[in-house]
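To keep things clear, I will list the structure first and then write my remarks on it.
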Amino acid sequence: MDVKSKLHSDRERWICIYPAYLNSKKTLAQGRRIPLEKAVENPTHQEIRDVLVAAGMKVGVENKQYCREPSKEMLYRGRIRVQLRNDDGSPFNPSYPTRESLFFHVADMIPKLKSRVNKPSGSEQTPQPSNPGGKKKGKKR
């Protein structure tokens, strides 16, 4: 085994965050990793990524499905990888020395995102019209 494979800067060593870890709609058995009172309703991997990038973390997005997620929809896909430590073992960002501190920060910041603040709480999954351009169905020439 070479030295590079043990370094914290190696992407394979970064911690993983699935949206289910922070989801208030999930139980502990379904994968929630933080207390319910700190959890967020239906976070997405894009929101998690946005918060971590704003915090100055090194982030990678992967198209992976959480093993405890029953739905195969694209909405529930996505895994975020984050560099938690430097190669010398010190925290990458001293404000977030542990994965729990990072989870709490992300869960605290997601409700403050512009995409969440401007959106009414009940309209997260509004169906979009399949043909927004006009009525072209049924016309034959």
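Other residues within the sphere of radius under 15 Å centred on the Cβ of Ala29, judged by their own Cβ, net out at +4 (K and R +1, D and E -1). By accessible area, using a 1.4 Å probe on protein heavy atoms only, the stretch 1-96 has 50% of its surface on carbon and sulfur. Between Arg13 and Val61, the simple label model (points 7 Å from Cα in the Cβ direction) yields a spacing of 2.6 nm. Backbone geometry of the stretch 62-76 corresponds, through the Karplus equation with coefficients 6.51, -1.76 and 1.60 at θ = phi - 60°, to 3J(HN,Hα) couplings of 10, 8, 10, 9, 5, 5, 8, 8, x, 7, 9, 5, 4, 4, 9 Hz, x marking Gly and Pro. Restricting the calculation to Cα atoms, every distinct pair contributes to the Kirkwood radius of the stretch 1-117, found to be 14.7 Å. Per-residue 3J(HN,Hα) values for the stretch 14-19, derived from phi via the Karplus relation 6.51 cos²θ - 1.76 cosθ + 1.60 with θ = phi - 60°, read 5, 6, 9, 10, 9, x Hz in sequence order (x marks Gly and Pro).
The values are calculated or read from the model by the stated rules, or taken from the named source; none is laboratory data. Because the structure is predicted, anything quoted here is derived from the model rather than measured. Cβ: placed from backbone, ideal geometry, glycine included. Neighbour counts: every protein chain shown. Quick note on the areas: whole protein, heavy atoms, side chains included, nothing else; ligands and nucleic acids left out. Shrake-Rupley method; radii C 1.70, N 1.55, O 1.52, S 1.80 Å.
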